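Please treat every number below as a calculation from the coordinates, not as lab data. Note that the structure is a prediction, hence the values are computed from the model and not measured. Cβ: placed from backbone, ideal geometry, glycine included. Neighbour counts: every protein chain shown.
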Amino acid sequence: MLACEDKAELERQAQEWCDCLALFGLKLNVKKTEYLTTDVNEHGSIKINGTELSRVTSFMYLRSTVTPDGSLKLEVNARISAAWSKWRSLTGVLCDKTIPEYLKSKVYRAVVRPVATYGAQCYPVTKEIESRLSVMETKVSRWTAVLTRLDRVRNDTMRQRFGVVPIADKLREACLRWYPHVLRANDGTVCKIGLNLEVSGKRARGRPKQRWLDTLHLDLKIVGVHPDQAFNREKWRHHTRRADPATKRDKRY
């Protein structure tokens, strides 16, 4: 992926990249190369060897959906769809009544839930995102247990039954597990630059969007730790990984 603030400079870099590939006998597939910009008033695209690249409104990079306005709707939809797809591929195990529930719980925690929470440490988790992922988790648990709403089983009872914690706790844990790595990184790394980045200008009118640092500060307040403790790995791990799945339940079996 190439990124640049100037359109002409980006076109020059893309052409240079294409020429370098040609020196080693490789060819850039222009039809699969896409162009994305955050400037809604900009028209057209860049060209490589005289061919104009297709302009898109979103694209997938490292299995994460990138949009010009920073919206997370497509990313959350993709995560939920991928989690359901993974669950459907395992229905032979998860919906088998002869399989014990503690084993189904292990399969869910090891296969399904990581797909739903992939990349969550890098974007601000809003209440809407928590709600949508929680709904997905509840439906998966009820389908696995072959229960409906008519059975009148509470969600807390379902989590205790399968030995899992709310997915919101896992989202918080992922964010706090990633944060100390960013703090300890060198100043020239991408993650450190993004952490200290200050966007010029004023925010638009209306309710401001929730930023990643806003989510981080809320998570730190809930867990009760200070950012200075991030350099003490053992202490940080002890305070932030309280959302670990119920290992005591596994030991009983």
Taking the alpha carbon gyration tensor of region 41-86, what are the square roots of 5 times its eigenvalues, largest first, to the nearest whole Å? 28, 13, 7
Can you give the longest stretch of the chain with no exposed loop site, where a site means GluC sites (Glu not before Pro) in a DSSP loop (not H, G, I, E or B) with at most 13 other C-beta atoms within 10 Å? 43-197
Counting other Cβ atoms within 10 Å, which trypsin sites (Lys or Arg not before Pro) in region 1-57 have at most 15 and lie in a DSSP loop? 27, 31, 32
Restrict the search to region 14-118; then list the chymotrypsin sites (Phe, Trp or Tyr not before Pro) that DSSP places in a loop and that have at most 14 other Cβ atoms within 10 Å of their Cβ. 24
With a Förster radius of 30 Å, plug the Cβ-Cβ distance of residue 198 and residue 241 into 1/(1 + (r/R0)^6) and report the FRET value to the nearest 0.05. 0.45
What is the gain in length, in nm to one decimal, between residue 56 and residue 110 on full extension, counting 0.36 nm per residue of separation less the C-alpha to C-alpha distance? 16.0 nm
List every residue whose amide H lies under 5 Å from the amide H of residue 48, counting only residues 5 or more places away in sequence or on a different chain, with H placed 1.01 Å from N in the peptide plane. 53
Over the chain, what is the relative contact order in whole percent, taking alpha-carbon pairs under 8 Å and six or more residues apart? 15 percent
Distant-in-sequence amide H partners of residue 165 (H built 1.01 Å from N, under 5 Å): 246
Apply 1/(1 + (r/R0)^6) to the Cβ-Cβ distance of residue 147 and residue 23, taking R0 = 51 Å, and write down the FRET efficiency to the nearest 0.05. 0.25
Segment residue 41-residue 127, length gained on full extension (0.36 nm per residue, minus Cα span): 27.9 nm
For region 13-56 the mean separation of alpha carbon contacts under 8 Å (6+ apart) over residue count, i.e. relative contact order in percent, is 39 percent
Report, in deg cm²/dmol and to the nearest 500, the calculated mean residue ellipticity at 222 nm for the chain, where each DSSP H run with n ≥ 4 adds -39500 (n - 2.57) and the sum is divided by the residue count. -15000 deg cm²/dmol
Tell me which lysines have Cα within less than 22 Å of residue 202's Cα, excluding those fewer than 8 residues away on the same chain? none
Length gained, residue 135-residue 91, 0.36 nm per residue minus C-alpha separation, equals 14.0 nm
Starting from the Cα of residue 73, step 7 Å along the direction of its Cβ; do the same at residue 178; then give the gap between the two resulting points in nm. 2.2 nm
XL table 106/139; 32/86; 32/139; 31/209; Cα-Cα > 25 Å flagged, in table order, is 32/86; 32/139; 31/209
Loop only per DSSP, at most 15 neighbouring Cβ atoms within 10 Å: give me the trypsin sites (Lys or Arg not before Pro) in region 120-172, ordered by residue number. 152, 154
Please report the base-10 log of the normalised intensity I(q)/I(0) for the chain, using a Debye sum with one equal scatterer per alpha carbon and no solvent, at each q in 0.12, 0.13 (1/Å). -0.91, -1.00
